[in-house]
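Structure, as structure tokens:
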Amino acid sequence: MRAIRYHEVGGPEVLRLEEVPDPTPGPGEVLIRVKAAGVNFADTERRRGLYDATVPLPRILGSEAAGLVERVGPGVDASWVGRRVAALASNSYAELTTTPVGELLELPEQVSFEEGAGLLVQGLTAWHLIHTSSRPSSGQSVLIHAAAGGVGLLTLQLAKQVGARVLGTVSNGAKAELAREHGADAVFIHGARRDLADWVRRETEGRGVDVVLDSIGASTWGASLASLAPFGQLVAYGNASGPPPPVEVEALYEKSLSVTAYWLRTPHPEGLQARARAALGQALAQGQLRVKLGLVVPLAEAATAHQQLETRATVGKVVLRVD
Ligand SMILES: NC(=O)c1ccc[n+]([C@@H]2O[C@H](COP(=O)([O-])OP(=O)(O)OC[C@H]3O[C@@H](n4cnc5c(N)ncnc54)[C@H](OP(=O)(O)O)[C@@H]3O)[C@@H](O)[C@H]2O)c1
């Protein structure tokens, strides 16, 4: 099969389209004929050697796919063959990939493979940020950084569904418009010579927000903490601008703040991932959740997809189409 591999860490140019052996589904696994593979910010960090750095090279990138079940491994119900599915699946920048059958989400006809490939990594993260980590109640306020990005737009929609007031940050006017279209009540554009925490206070009658969801890290951390209301919670879940400074517990007392983190790869309580996956699939099928496809390019153009994602040029989901 053809797959995107890299033999050394570096810039997008290290990604190569190569012929590699087909994978074989093991016990409890299925083989998926990939139609679309999701691109995630973490893939760019892996490629640069900043994340998962101990995995041996050469390595096929990717962590999610949508496509057709082509074959099942030992112990898997053969009726899966031919069904349209999306799944968390490693090595998914490829024509074929394998994954445990328990990871599969069957895609309804009205959901495209591209949308399916955009649902799981970012959707599960968004779902847990709202329903497992921060759990805002109706009327509370949430500040979402990178609000027009893949995780950002999904989190925004889920936060609105629980009745929260949602503030977002983005880097330009077009992204601000998109965030508003997806439900943001107010949007801050970085670099407009305004202080983010002052803006948040103005937007919240001087109180600050109850929750900040921070995927940017180094460049937003101080403003994120300063934007919180008393008893507010900062959830860290990414380092797009670099790792944040160490948490100073003393600095949390004045407003009784909490700082927590969320990681999709943490072992989750039994059944929780399946519940989140089903909720996302249902919301997508019923039109209550939209996956905004920002950039869809052929598998061979994975380097372009990475370059665009890491220079902040994308909105919504970046997908590789596999023909
Ligand atoms: N913890 C987890 O389990 C988990 C799971 C999935 C994703 N994540 C994290 O969530 C974040 C979003 O992931 P995504 O795949 O949805 O990407 P994304 O948000 O679509 O793209 C990254 C966005 O981050 C913003 N950004 C701010 N500073 C940046 C910088 N110095 N370099 C690059 N981007 C910067 C940009 O938005 P603006 O231009 O609007 O500022 C950019 O568009 C990433 O940090 C990712 O690692 C974490």
Accessible area expressed per residue, the chain, with surrounding protein chains retained (probe 1.4 Å, Å²): 43 Å²
Against the longest principal axis of the chain, how steep is helix 272-285, in degrees 0 to 90 to the nearest 10, with axes from Cα atoms? 90 degrees
In whole percent, the fraction of accessible protein surface over the range 129-243 that belongs to carbon or sulfur atoms, probe radius 1.4 Å, stands at 48 percent
Compute the Rg/Rh shape ratio of the chain: radius of gyration over Kirkwood radius, all on alpha-carbon atoms. 0.98
Computed over the range 122-261, the relative contact order (Cα-Cα under 8 Å, seq sep at least six) in percent reads 19 percent
Suppose every K and R has +1 on its Cβ and every D and E has -1 on its Cβ; what is the size of the dipole of the chain about the Cα centre, in Debye to the nearest 20? 480 debye
Placing unit charges on C-beta atoms (Lys and Arg positive, Asp and Glu negative, everything else neutral), compute the dipole magnitude of the range 197-261 about its Cα centre in debye, rounded to 20. 80 debye
What accessible surface, in Å², does a 1.4 Å probe find on residue 80, ignoring ligands, DNA and RNA and rounding to the nearest 10? 40 Å²
Which of the peptides 4-11, 206-213, 146-153 is most tightly packed, and how do the rest follow, going by the mean number of other Cβ atoms within 10 Å of each residue? 146-153, 206-213, 4-11
Binned Cα-Cα distances of the range 176-230, short to long, each 10 Å bin given as a whole percent: 23, 55, 22, 0
Calculated FRET efficiency for the pair residue 185/residue 258, C-beta based, R₀ 25 Å, to 0.05: 0.60
Over the chain, relative contact order from alpha-carbon pairs under 8 Å, at least 6 apart, %: 18 percent
What area, in nm² and to one decimal, does the C-alpha convex hull of the range 24-97 cast on average over all directions? 5.0 nm²
Would you mind checking the tilt of helix 150-161 against the longest principal axis of the Cα atoms of the chain, expressed as 0 to 90 degrees and rounded to 10? 60 degrees
Estimated D of the range 122-261 in µm² per second, where Rh is the Kirkwood radius over Cα pairs and Stokes-Einstein applies at 37 °C, 0.692 mPa s: 226 µm²/s
If you scale each eigenvalue of the Cα gyration tensor by 5 and take the root, what three semi-axes come out for the range 1-158, rounded to whole angstrom and sorted largest first? 28, 22, 13
I need to check one value: relative contact order of the range 103-164, counting alpha carbon pairs closer than 8 Å and at least 6 residues apart, in percent. 35 percent
So what is the calculated 222 nm ellipticity per residue for the chain, using -39500 (n - 2.57) for each DSSP H run with n of 4 or more, over all residues, to the nearest 500 deg cm²/dmol? -7000 deg cm²/dmol
Using a 1.4 Å probe and counting only protein heavy atoms, arrange 171, 141 so the residue with the most accessible area comes first. 171, 141
q = 0.25, 0.31 Å⁻¹: log10 I(q)/I(0) that the Debye formula gives for the range 122-169, counting C-alpha atoms only: -0.83, -1.23
How are the alpha carbon pair distances in the range 175-323 distributed across 10 Å bins from zero to the largest one, expressed in percent? 9, 27, 36, 23, 4, 0
Given the convex hull of the Cα atoms of the range 78-161, what is a quarter of its surface area in nm²? 7.1 nm²
Only Lys, Arg (+1) and Asp, Glu (-1) charged, at Cβ; the range 122-261 dipole about Cα centre in debye: 240 debye
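The values are calculated or read from the model by the stated rules, or taken from the named source; none is laboratory data. Quantities reported herein were computed from a predicted structural model and do not represent experimental measurements. Backbone-built Cβ (ideal geometry, glycine too); neighbour counts: all protein chains shown. In case anyone asks, the SASA skips ligands and DNA or RNA and just uses the protein heavy atoms, side chains included. Shrake-Rupley method; radii C 1.70, N 1.55, O 1.52, S 1.80 Å.
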